[in-house]
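Beneath this line is the structure, given in structure tokens, with notes to follow.
The values are calculated or read from the model by the stated rules, or taken from the named source; none is laboratory data. A quick note: this is a predicted structure, and the numbers were derived from the prediction, not measured. Note that each Cβ is placed from the backbone with ideal geometry, even for glycine, and that neighbours are counted across all protein chains shown. Ligands, DNA and RNA are stripped out before the accessible areas are found, and what is left, the full protein with its side chains, is counted by its heavy atoms. Shrake-Rupley method; radii C 1.70, N 1.55, O 1.52, S 1.80 Å.
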Amino acid sequence: MDSNTSASRLCCSAAPASVAAPPEVAYEAVIGIECHIQLNTRTKAFCSCLAGSAPVNTNVCPICLGHPGTLPVMSTGVLKKGITAGLALNCSIARLSKFDRKQYFYPDLPKGYQISQFDLPLCYEGSLEAQLPDGQTKHFGITRVHMEEDAGKLMHDGANQLSGSDSSLVDYNRAGVPLLEVVSEPDMRSGAEAAAYASELRRTMCFMGLTEGIMAQGHMRFDVNVSVRREGESKLGTKVEVKNMNSFAAMQRAIDFEISRQVALHRDGQAHEVVQETRLYDESTSQTFSMRSKEGLADYRYFPEPDLPPVRVTDELIDEVQGSMQESPAAVRSRYLDMDLPIADVLILTDEKPFSRYFDAVLEAGAPPKLAANWVLGDVMAHSKVNQISFDKLEMAPATLAELVCAIDEGLVSGKIGKQVLPMLLQGEGKNGVKSFMEQKRLIQISDMSAIEDIVNDVLSQNQQQLQQYCAGKTKLQGFFVGQVMKASKGLVNPKLLNQALNKKLKEASEAATA
Amino acid sequence: MPIIRTSIIRRIQQDLRSRTRSAQEITEDYLSRLQAAEPEVQSFISVASESACAAARALDGRIASDGADSLGPLAAVPLGIKDTLCTAGLQTTAASRVLEGYTPSHDATSVARLKAAGGIIVGKCNCDAFAMGSTSESSAYKATRNPWDLERVPGGSSGGSAAAVAAGQCVATLGSDTGGSIRQPAHFCGVVGLKPTYGRVSRYGLIAYGSSLDCVGPLAGCVEDAALLLQTIAGRDQLDATSSHMPVPDFTQGLEEVERFASRPLEGKRIGIIRETIGEGVSPGVNAAFDRAAQHLATLGAEVHEVSLPTSGAGLPAYYVIAMSEASSNLSRYDGIRYGVRQEAANIRETYNTTRQEGLNAEVKRRILMGTYALSAGYYDAYYKRAQQVRTIVQQEMHKALLDFDALISPAAPTTAYKLGHVKDDPLEMYKGDIMTINVNLAGLPAISLPAGFEEGADGRRLPIGLQIIGKAFDEGEIIRIAHVFEQTADFACGTPPTFDKSKSQ
């Protein structure tokens, strides 16, 4: 995964939403989020076609093209990933759930219905805790998580949607790829809270290994429901669905715009103009605009999918999934905090799974946490950003960085030298050991006292005149000798040891001269 | 004594193994009979002479190289396949205009298994479009005639499959049965039709009508041949999640030759006559033939009693709500986008409308509309949900009755074959004809329809009447054995259509 495609980090989120309202009437926004998550299973949900990217219409078969007589058969991977998501979101897992057909006509929907789950979802009643920009944490309720299949992808010529296009083409590679839909409770009150929830949801799904989570490729698609009401009122206002947000920052802006739009209408006595509709977010103007308005409620005519038996989940299966679950971002965060790392560092290190994976591997190789964090968050992160190389694709192995960090920690290498060496290591050098690489490059600090004494002896014997002056009382010349030793060793001598050795030798020489 | 029905499949296997006839000779013989009868009967939408002959030649080659022992149990058996079953490389239309020219790349699992057993596919049998009908008249391509009386329908929806067997155009066929579509045409055409337990045979490749009711099953000239086909196509299929893991027993076990029957071969069997299926609403001829059949079973040693299934009447409306609801969903895919016929129009909405308006016939559209209505918000509970509740009650009642009886019997349909056009424009009348068979589908049970006698028509023609024997879930073996004993001893039920007397050409 490319870390650069991710959205803004939690800790860098903008200020809380401004709910504009006159002083006498305060309004409150109520926000709920539906998220479609593309699972990273090897095959599609109901046939054996591969689910990865491929040339247009090549990952297709009679089943996912909806040919006559074909039938869906659920792949077990989908169920396990669904249970994993449910457990990660603290949901109850339904021991008995089922699939239903959601029916509508659209050219990207091969069967004229989508296999989904209607009244008996796989997971229900969960929660997710996310860190807000002000450092507080907040619990967000999860209503349900259910399994379904994706539709194909339409490409239009002459318009940006099906209606009005000169021609449209369909790529069915995506048709039948498994999705999870995660529906939140309407627990968010601002764009910032929504973005915090959404990014934590993404992080959790990525850490669990359920999705590649690349927003730009549509691996996670968020539909946000926004309504406003007078503060203190319990009845919900008319909700508006907002779509087409490609990053969490965009989500936050879209919601904040939508809130202020609705509040303005309420304040101006135009509350009836807030209608149940779908609005699209336009990144270029930071505004939402109506896509479909006042359309009657779509009747999807859900009914139980007769081609698929009910989904039964045993305690054994849940135990099995639980046993093989990966660490959640929250767990990783608390582990890092236990190492006394500053919260700001922890948030960045756990923002993307590859960061924390890499960092953990550096720790595993023996590096001390604080120093390792500095290096990972500093020069290594910069390298990843500038060169757009994800942490899981770095040339420098975590063990290599660990070796360097340890050498610095032990005083074998100065920080300055470390910074000089790092770019080479990031290019993939030093794979056979950082120390030998540095020795080879003559970059390692000389900390061997006898070796240092040898150099000092050489310098003193080559500069007899200055030595005599020193012994005669011109002690300022000590700096000269330090410079000469550094020059002779190309700056590699441990300064502290150098001073010790030089003091000792000069003292001996002075004593000899007075004797 | 008339010729008792004997297994043609066994004969073909003997001939092949004794090298009396080659696969090619057998196939060509049947193909010429098929072609000879076709102008009058019109059982087939498409005939696959070339691929059939190629398959036969390949079989002969195998016999020559590997010997006859390498042959499958259906080697060189000419078979017809209902056009609702997908056949790779062979046009499959479900008798609908919207699929005209559609050639699947996939075989239905049942078809693939027949082929693997050496069966030769000679063509695709006509039926009602999308299996929706009881006369085969709603086919977009042709109206199949009943070989017993060419002025009458063969029944439906598997009318072509039944007529082809009755006219000797092939040895056996596959049909599909959602509410009686195998058993009713078998009854109309005087052949054996077997609807297996739901889940016994894979539905993969069967063009779906009512998915929770649809079953693939054989039609044949005798019980043993039907059993041999079922043997081949039955069993779990990875491609159908609703196919059963139940082991498949030997369905031909105990099918002894009549000479070896005990004097009372059905001794100890308890058989229940479903009271609600006899008397009122059933034609006198059917009633009489059924009475005689029931008496015959008693003569064979069975204990025959009447049993009441009071909810029988509730099954019909429940069946139609469920079948039409599922159909309304299953037929959404025929939108002209990816395959089949497309009527290009100004925009996508118009393209959908025109394609479906022209591609789907009135009966199909009627069922889609009613099914759509039944699933709509605000009506779902009153129709679909209610129908499912009724289904459960019907199911429980039948299962309970089958605790007391080894099998239940009824006529396979209330009347003999209709005149062409008789019920075509009267859907309710046609739907009522399903009364004997639909509850079996609701309950998912196996049932066989076999010739049980005749009704003498006003014009002196005889029209066949079928006896339906219903068994316990996954106990096809039991009804097959009872049917075999009946068939081998009921000389009054024997006969072939006058025009297509198989003994002439065999």
Which residue is nearest to the other protein chains (Cβ to nearest Cβ), if the candidates are limited to the stretch B:306-349 and must be part of a loop (DSSP other than H, G, I, E, B) and among the aliphatic types (A, V, I, L, M)?
B:Ile337
Which of the residues that make up the stretch B:101-156 are closer than 22 Å to B:Lys195 by Cα, within 14 Å of another protein chain (Cβ to nearest Cβ) and more than 17 Å from the chain's Cα centre (by Cα)?
B:Asp107, B:Ala112
Checking A:Arg301 against (1) charged (D, E, K, R); (2) out of contact with any strand residue (DSSP E or B) (no Cβ under 7 Å at 6 or more places or on another chain); (3) surrounded by 17 or more Cβ atoms within 10 Å (Cβ to Cβ): exactly one of these is not met. Which one?
(2)
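Yes/no per residue for (1) over 30 Å from A:Ser324 (Cα atoms); (2) small (Gly, Ala, Ser); (3) surrounded by fewer than 19 Cβ atoms within 10 Å (Cβ to Cβ):
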| site | (1), (2), (3) |
| --- | --- |
| A:Ala192 | yes, yes, no |
| A:Tyr197 | no, no, no |
| A:Arg202 | no, no, no |
| A:Phe207 | no, no, no |
| A:Ile214 | no, no, yes |
| A:Asn225 | yes, no, no |
| A:Leu236 | yes, no, yes |
| A:Val242 | yes, no, no |
Scanning the stretch A:78-95 for residues that are surrounded by fewer than 23 Cβ atoms within 10 Å (Cβ to Cβ) and under 24 Å from B:Arg203 (Cα atoms) gives A:Leu79
Hey, does the stretch B:453-461 have a residue that's touching a residue at least 24 places away in the same chain (Cβ under 8 Å) and open to solvent by less than 10 Å² (accessible area, probe 1.4 Å)?
yes
Note down all Cβ pairs under 7 Å where the first residue falls in the stretch B:179-207 and is within 14 Å of another protein chain (Cβ to nearest Cβ) and in contact (Cβ under 8 Å) with a residue 40 or more places away in the chain, the second is surrounded by fewer than 24 Cβ atoms within 10 Å (Cβ to Cβ) and in a strand (DSSP E or B), and they're at least six residues apart or on different chains.
none
All positions within the stretch B:126-155 that are open to solvent by less than 10 Å² (accessible area, probe 1.4 Å), aliphatic (A, V, I, L, M) and part of a loop (DSSP other than H, G, I, E, B)
B:Met132, B:Val153
Does B:Ser325 qualify as being of a type in the set (Ser, Thr, Tyr) and surrounded by fewer than 21 Cβ atoms within 10 Å (Cβ to Cβ)?
no
Quick one: is A:Lys138 outside any loop (DSSP other than H, G, I, E, B), within 14 Å of chain B (Cβ to nearest Cβ) and open to solvent by 30 Å² or more (accessible area, probe 1.4 Å)?
no
When the stretch B:32-57 is checked residue by residue, the ones that are without any contact (Cβ under 8 Å) to a residue 40 or more places away in the chain and within 14 Å of B:Ile121 (Cβ to Cβ) are B:Glu50, B:Cys53, B:Ala54
Boolean, A:Ala513 is open to solvent by 70 Å² or more (accessible area, probe 1.4 Å), over 20 Å from A:Gly411 (Cα atoms), among the aliphatic types (A, V, I, L, M) and modelled with pLDDT under 90
no
Where residues in the stretch A:247-276 are touching a Gly at 6+ places or on another chain (Cβ under 9 Å) and open to solvent by 30 Å² or more (accessible area, probe 1.4 Å), which of them is nearest to A:Met188 (Cα to Cα)?
A:Asp256
Could you say which residue among A:Asp282, A:Asp256 is in contact (Cβ under 8 Å) with a residue 60 or more places away in the chain and of a type in the set (D, E, K, R)?
A:Asp256
Report whether or not B:Tyr352 is part of a loop (DSSP other than H, G, I, E, B) and either within 14 Å of chain A (Cβ to nearest Cβ) or surrounded by fewer than 22 Cβ atoms within 10 Å (Cβ to Cβ) (or both).
no
I'm trying to understand the selection: among the residues of the stretch A:102-135, which are outside any loop (DSSP other than H, G, I, E, B), among the aromatic types (Phe, Trp, Tyr) and within 14 Å of chain B (Cβ to nearest Cβ)?
A:Tyr113
Right, A:Thr58: assigned by TED's automatic domain parsing to the domain that holds A:Gly213, modelled with pLDDT under 95 and exposed (fewer than 14 other Cβ atoms within 10 Å of the Cβ) or not?
no
Kindly indicate whether A:Gly430 is surrounded by fewer than 14 Cβ atoms within 10 Å (Cβ to Cβ) and under 24 Å from A:Glu364 (Cβ atoms).
no
Hey, can you tell me all the residues within the stretch B:378-395 that are away from chain A (no Cβ under 12 Å) and not charged (D, E, K, R)?
B:Ala382, B:Gln389, B:Val390, B:Thr392, B:Ile393, B:Val394, B:Gln395
Within the stretch B:34-68, of all residues that are in a helix (DSSP H, G or I) and within 20 Å of the chain's Cα centre (by Cα), the one surrounded by the most Cβ atoms within 10 Å (Cβ to Cβ) is B:Val41
For the stretch B:183-198, how many residues meet the condition of being touching a His at 6+ places or on another chain (Cβ under 9 Å) and either in a helix (DSSP H, G or I) or under 27 Å from B:Leu375 (Cβ atoms) (or both)?
0
I'm trying to understand the selection: among the residues of the stretch A:332-376, which are outside any loop (DSSP other than H, G, I, E, B), under 19 Å from A:Gly415 (Cβ atoms) and open to solvent by 40 Å² or more (accessible area, probe 1.4 Å)?
A:Pro369, A:Lys370, A:Leu371, A:Asn374
Residues of the stretch A:156-167 satisfying the condition of being within 14 Å of another protein chain (Cβ to nearest Cβ) and either open to solvent by 40 Å² or more (accessible area, probe 1.4 Å) or more than 14 Å from B:Ile348 (Cβ to Cβ) (or both):
A:His156, A:Asp157, A:Gly158, A:Gln161, A:Ser163, A:Gly164, A:Asp166, A:Ser167
Residues being open to solvent by 70 Å² or more (accessible area, probe 1.4 Å) and either touching a residue at least 40 places away in the same chain (Cβ under 8 Å) or under 15 Å from A:Asn503 (Cα atoms) (or both): count how many of those fall in the stretch A:473-490.
4
Going through the stretch B:71-89 one residue at a time, which ones are buried (at least 19 other Cβ atoms within 10 Å of the Cβ) and within 13 Å of chain A (Cβ to nearest Cβ)?
B:Ile81, B:Lys82, B:Asp83, B:Thr84, B:Leu85, B:Cys86, B:Thr87
Quick one: in the stretch A:393-410, which of the residues that are under 9 Å from A:Tyr358 (Cβ atoms) and out of contact with any Ser or Thr (no Cβ under 9 Å at 6 or more places or on another chain) is surrounded by the most Cβ atoms within 10 Å (Cβ to Cβ)?
A:Leu401
